[in-house]
Amino acid sequence: MVDVKMGGCWSNTKDQFDNLEKHTQWGVEFVERYNKFVKDRTEIEISYAKQLRNLSKKYQPKKNSREEEEQRYTSCQAFLAILNEMNDYAGQHEVIAENMSGLIFAELSRYIQELKQERKLHFQEGRRAQQHIESCWKQLENSKRRFERDCKEAERAQQHFEKMDNDLNVTKADVEKARQQAHNRHHVASESKTEYSNVLQNFNKEQHEHYYTNIPNIFQRIQDLDERRIVKIGESMKTFSEVDRQVIPIIGKCLDGITKAAESIDEKHDTQLVIEAFKSGFEQPGDVEFEDFSQPMKRTVSESSLSNSRSDGKQESKGGKSKGKLWPFIKKNKGSGPEDFSNLPPEQRRKKLQQKIDEINKDIQKESDQKDGLMKMKDAYIKNPQLGRPETVDPKLAESEQTIEKLRQESQKFEAWLAEVEGRLPVRTDQPRRPSEMHELQSTAVNNCAQDRESPDGSYTEEQNQDPELKVAAQCEFDDDFDDEEVLAAIGTCKAMYPFEGQNEGTIAMAEGETLSVIEEDKGDGWTRVRRNEDEEGYVPTSYVEVYLDRNTKGAMTYI
């Protein structure tokens, strides 16, 4: 800072004020520049975090795609872990941006305003002190010039009086007049001298106070202001590093997680998954028998040969074409293949059928959720007619019901094929079957009763000489499932909103407006079990009736 004890007049002090004003203005601009740097760093951190999150999101496995299936491999699981760690890594950069914005940028922005205001007050005070000393100086100069003028006029008046007094031709009155005028001028000069002396004494006092008290105090406050600015910059720079240092442990954990994910990759596990996924299920072929053409003999073909052209009565009736499975290394015909995936090896066929069943079940669940939403909408329309007419929802409900029924039939078809591959029979139950279950059980029973034991090549053929009595016994055993049913008590009533013909087995016909007893709720498949009298009962579509459950069974719950 400027040495406040340096000598010189007030103009030198003015020069020092100008220099200090320029320096402190530079200091304010420096703080603003540093604060702008922090803001730009904050924006970079936010942008970097956003780009990292987008990058992690971009490479996340897509649902219902092959990438989601690949997550069973340890290398893919490690990559997914890295993506998650990168997402957390991005979060730490957002923390850096947030702390820099709050602890540095916002704090410095507030401090800059305070700094400008305090600086303005100090220099306003310095300008007032400077103006005051300049005013005292001008007053001293005026008093000095007036004293000098009065002294010269008094001297001229004295000379005029002496001249008149020595002149014999001048009257006594004129001499007296000149004497009186000289006396007055001397009196005025004496007063100007006194005034000049007082003003000079006051100026010296003001000047001493200005240079030794006022200006040093102002300079000291400006110096304190600038030193606080420097300290503030240092603290902000320290905070700048601490903000980064605070997230280093968490970033280190993210990097440790990436390393751990990389170390978790198990090549043996992944290769075993590939083996399980692509194994054919075929037994290895046996040795090819030697065929001796040197002697006339009946040639036979090994059952374990690659072509495995088994010829039975059924195949001969169809032109003698073989239905044997092709081995994986023999080229297959191009095309999408049969719907039941019978062109695939047993293990692959089972996986494909199970995958298809899962997809259909997801579609059924999605359609059921949509149906539930329509039911709630219709219920809202009934309770609040101003929202809409309930009958406008009925076509969509009927369409949703038809879609669900088609999907269930499709699922039953693939489940029957899956049961055929796995060699299992449907699970028997003592309670009556719903319409969708009836179709599945009948189809499965027919297929299981008609199929023969598995041939060596993995295909299934119908047993030609099966005993008709066994078929009848199997059918009778299937029908016995519906005997000796337990009579269920009614749990409520329902009213038919639409007529239903009930042509399928297990269903019951009803007329519009007819009231029936409810003996079993809808279990999510779209059918409600009802009874007309003690001997006539069956299933009706839930969307065709309005159900009222008894209070003692379901808490007086009513749904449509």
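The values are calculated or read from the model by the stated rules, or taken from the named source; none is laboratory data. Only a predicted model underlies this, so the values are computations on that prediction, with no experimental measurement involved. To get the accessible areas, we keep the full protein, side chains included, count just its heavy atoms, and leave off ligands, DNA and RNA. Shrake-Rupley method; radii C 1.70, N 1.55, O 1.52, S 1.80 Å.
Tabulated results
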| read-out | value |
| --- | --- |
| Carbon + sulfur, % of accessible area of segment 12-51 - ligands and nucleic acids excluded, 1.4 Å | 53 percent |
| Two-decimal ratio, segment 501-543, of alpha-carbon radius of gyration to 2.2 N^0.38 Å | 1.05 |
| Computed Rg/Rh of segment 54-104, alpha carbon atoms with Kirkwood Rh | 1.20 |
| With all protein chains modelled, accessible area of Val95 [1.4 Å, Å²] | 50 Å² |
| Lys144 accessible area, 1.4 Å probe, all protein chains in place, Å² to nearest 10 | 100 Å² |
| Along each principal axis, Cα extent of segment 3-154, largest first, Å | 120, 25, 16 |
| Residue-wise HN-Hα coupling along segment 349-366, computed from phi with Karplus coefficients 6.51, -1.76, 1.60 (Hz; x: Gly, Pro) | 5, 4, 5, 5, 5, 5, 5, 5, 5, 4, 5, 5, 5, 5, 5, 5, 4, 4 |
| Built amide H within the under 5 Å cut-off of Val545, gap 5+ | Met497 |
| Pairs from Lys63/Lys413; Lys376/Lys396; Lys356/Lys406 whose Cα-Cα separation, in the structure shown, is over 18 Å | Lys63/Lys413 |
| Unsatisfied cross-links (Cα-Cα over 23 Å) in the set Lys120/Lys232; Lys279/Lys366; Lys58/Lys279; Lys50/Lys253 | Lys279/Lys366; Lys58/Lys279 |
| Stokes-Einstein D for segment 66-210, Kirkwood Rh over Cα pairs, 25 °C, 0.890 mPa s (µm²/s) | 103 µm²/s |
| Along principal axes, Cα extents of segment 165-237, largest first, whole Å | 96, 15, 14 |
| Sequence of Trp527, Trp137 when ordered by accessible area, the most exposed leading, probe 1.4 angstrom | Trp137, Trp527 |
| Accessible area of Asp88 in the full protein assembly, 1.4 Å probe (Å², nearest 10) | 80 Å² |
| ³J(HN,Hα) computed for each position of segment 383-397 - Karplus, 6.51 cos²θ - 1.76 cosθ + 1.60, integer Hz, glycine/proline x | 6, 10, x, 5, 6, x, 8, x, 5, 5, 8, 4, x, 5, 5 |
| For segment 132-245: accessible area per residue (Å², 1.4 Å) | 67 Å² |
